[in-house]
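Where a number appears in this text, it was derived from the coordinates with a stated rule and is not lab data. Since the model is a prediction, treat every value here as computed from it, not as a measurement. Cβ: placed from backbone, ideal geometry, glycine included. Neighbour counts: every protein chain shown.
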Amino acid sequence: MKRQIVVDSSVVVKWFDQKEPSASNAIRILEEFIEGKFEIIIPDLLFYEVGNVFLKKWPGESYKMKKGLQKLWRLPWLLMPLRDSLLSRTLEIADQCRITFYDSLFLVVAEYSGVELVTADEKFLKKVGNFSFAKSLERF
């Protein structure tokens, strides 16, 4: 069985802007994912979050946004849809750690799957420090 990880939206958006801090680490993850060295599990929420980032980053450039989302959609993700078993745990962690439900969902998908979560969001990492499987993109 291949190694599996969860990445959150903060990692994925770096694939589209190489000027971002730690973009080289994020791109390495993408390249190894495409090469089949490991699998990436994501909640379907990732597409919504990245779409919102594209709207802010490229206003008025709908072609560029569509192209970016199409590239993401074609990747061989292991997609985990929201389900009842994830809902209550996601809410519990969001409340406990004082983070958004959205951010909590990525953490819960990693917890549920028994894999690491890779994030570029250092503020988020500080809030969820007691979850040892949450890793910084910089140190991944």
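For this structure, a couple of remarks:
- Relative contact order [Cα under 8 Å, 6+ residues apart], the chain, whole percent: 31 percent
- Residue separation of R83 and W58 scaled by 0.36 nm, minus their Cα-Cα distance, works out to 5.8 nm of gained length.
- Its DSSP H runs of at least 4 residues, each contributing -39,500 (n - 2.57), put the calculated 222 nm mean residue ellipticity of the chain at -16000 deg cm²/dmol, to the nearest 500.
- Per DSSP, loop trypsin sites (Lys or Arg not before Pro) in segment 27-74 with at most 15 further Cβ within 10 Å: K37, R74
- The H on the amide N of M80, modeled in the peptide plane, is under 5 Å from the matching H of I42, D44, each at least 5 residues off or on a different chain.
- Per-residue ³J(HN,Hα) for segment 21-37, Karplus 6.51 cos²θ - 1.76 cosθ + 1.60, θ = phi - 60°, Hz, x for Gly and Pro: x, 6, 4, 4, 5, 5, 5, 4, 4, 4, 4, 5, 5, 5, 6, x, 6
- Long-range amide H partners of E39 with built H, under 5 Å: R3, Q4, I5
- Legend: residue pairs K19/K64; K14/K67; K19/K56; K14/K127; K37/K126, Cα-Cα distance threshold 19 Å; pairs beyond threshold, K14/K127; K37/K126.
- Within the shell of other residues whose beta carbon sits under 14 angstrom from the beta carbon of W15, the net charge comes to +2, with Lys and Arg scored +1 and Asp and Glu -1.
- Net +/- balance of residues flanking S132 in space, Cβ distance below 12 Å, scoring K and R +1, D and E -1: -1
- Under Karplus coefficients 6.51, -1.76 and 1.60, residue-wise ³J(HN,Hα) of segment 38-55 in Hz, glycine/proline x: 7, 10, 10, 9, 9, x, 4, 4, 3, 5, 5, 5, 5, x, 5, 5, 4, 4
- Rounded to the nearest 20 debye, the dipole magnitude of the chain is 360 debye, with +1 charges on Lys and Arg beta carbons, -1 on Asp and Glu beta carbons, and the Cα centre as origin.
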